[in-house]
1. Looking only at the stretch 97-114, which residues are part of a loop (DSSP other than H, G, I, E, B), more than 11 Å from the chain's Cα centre (by Cα) and surrounded by 17 or more Cβ atoms within 10 Å (Cβ to Cβ)?
2. Which members of the stretch 45-96 meet the condition of being over 13 Å from N121 (Cα atoms), assigned to a loop (DSSP other than H, G, I, E, B) and hydrophobic (A, V, I, L, M, F, W, C)?
3. Is it the case, given these coordinates, that I105 is at pLDDT 95 or above and in contact with a helix residue (DSSP H, G or I) (Cβ under 8 Å, 6 or more places away or on another chain)?
4. Any chance the stretch 25-35 includes a residue that's exposed (fewer than 14 other Cβ atoms within 10 Å of the Cβ), among the polar types (S, T, N, Q), out of contact with any helix residue (DSSP H, G or I) (no Cβ under 9 Å at 6 or more places or on another chain) and part of a loop (DSSP other than H, G, I, E, B)?
5. Does the stretch 1-24 include one or more residues that are assigned to a loop (DSSP other than H, G, I, E, B), of a type in the set (D, E, K, R) and modelled with pLDDT of 55 or more?
6. Could you grab me the full set of residues in the stretch 87-105 that are of a type outside the set (S, T, Y), under 12 Å from N60 (Cβ atoms) and out of contact with any Leu (no Cβ under 9 Å at 6 or more places or on another chain)?
Amino acid sequence: MAMGRGSAVVAVVLLLCLVLGSEMAQAATYTVGGAGGWTFNTVAWPNGKRFKAGDTLVFNYAPGAHNVVAVNKAGYNSCKTPRGAKVFKSGKDQIKLARGQNYFICNFPGHCESAMKIAVNAA
């Protein structure tokens, strides 16, 4: 039985939807710090978790008490905010992971130094 041109187009569109849908379904959402949220001593929170590029990290915290700053490795190690770093302060920040290392700190005085920072490697 021969497939008409319209049937072939429909089959290709359905196949693309299936492939794209399965890619999107694989992205996961993680609440940083678990039930305790983004707070002090979260530095070890990523340990044992497998992150992928496109996964979303949710940072829950009291706005005005903390923030989230996406930094580079030097900023993470020194607890200093590099020029041009993206600062989040909504208290319910959702950040999509890029492939490779992703670094986040709270830049309120003393917070990063109190282990309020995470390094996440996304495959």
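The values are calculated or read from the model by the stated rules, or taken from the named source; none is laboratory data. Note that this is a predicted model, so its numbers are computed, not measured. Every residue, glycine as well, gets a Cβ built from its backbone with ideal geometry; the counts of neighbours run over all protein chains shown.
1. Once the filter is applied, which keeps residues that are part of a loop (DSSP other than H, G, I, E, B), more than 11 Å from the chain's Cα centre (by Cα) and surrounded by 17 or more Cβ atoms within 10 Å (Cβ to Cβ), the stretch 97-114 yields C106, N107, H111.
2. Going residue by residue through the stretch 45-96, those that are over 13 Å from N121 (Cα atoms) are 58-71, 74-95.
Retained after the next criterion (residues that are assigned to a loop (DSSP other than H, G, I, E, B)): 61-62, 64-65, 67, 79-85, 89-91.
Across the stretch 45-96, the qualifying residues are A62, A65, C79, A85.
3. Values: at pLDDT 95 or above: yes; in contact with a helix residue (DSSP H, G or I) (Cβ under 8 Å, 6 or more places away or on another chain): yes.
When the stated conditions are applied, I105 passes them.
4. Keep residues of the stretch 25-35 that are exposed (fewer than 14 other Cβ atoms within 10 Å of the Cβ), which gives 25-27, 29, 34-35.
Filter again for among the polar types (S, T, N, Q), leaving 26, 29.
Next cut, out of contact with any helix residue (DSSP H, G or I) (no Cβ under 9 Å at 6 or more places or on another chain) only: 26, 29.
From what is left, the residues that are part of a loop (DSSP other than H, G, I, E, B) are 26.
Yes, the stretch 25-35 has at least one match.
5. Step one: list which residues in the stretch 1-24 are assigned to a loop (DSSP other than H, G, I, E, B), which gives 1-4.
Adding the requirement that they be of a type in the set (D, E, K, R) leaves none.
No, there is no match, as no residue in the stretch 1-24 is assigned to a loop (DSSP other than H, G, I, E, B), of a type in the set (D, E, K, R) and modelled with pLDDT of 55 or more.
6. Selection gives F88, G91, K92.
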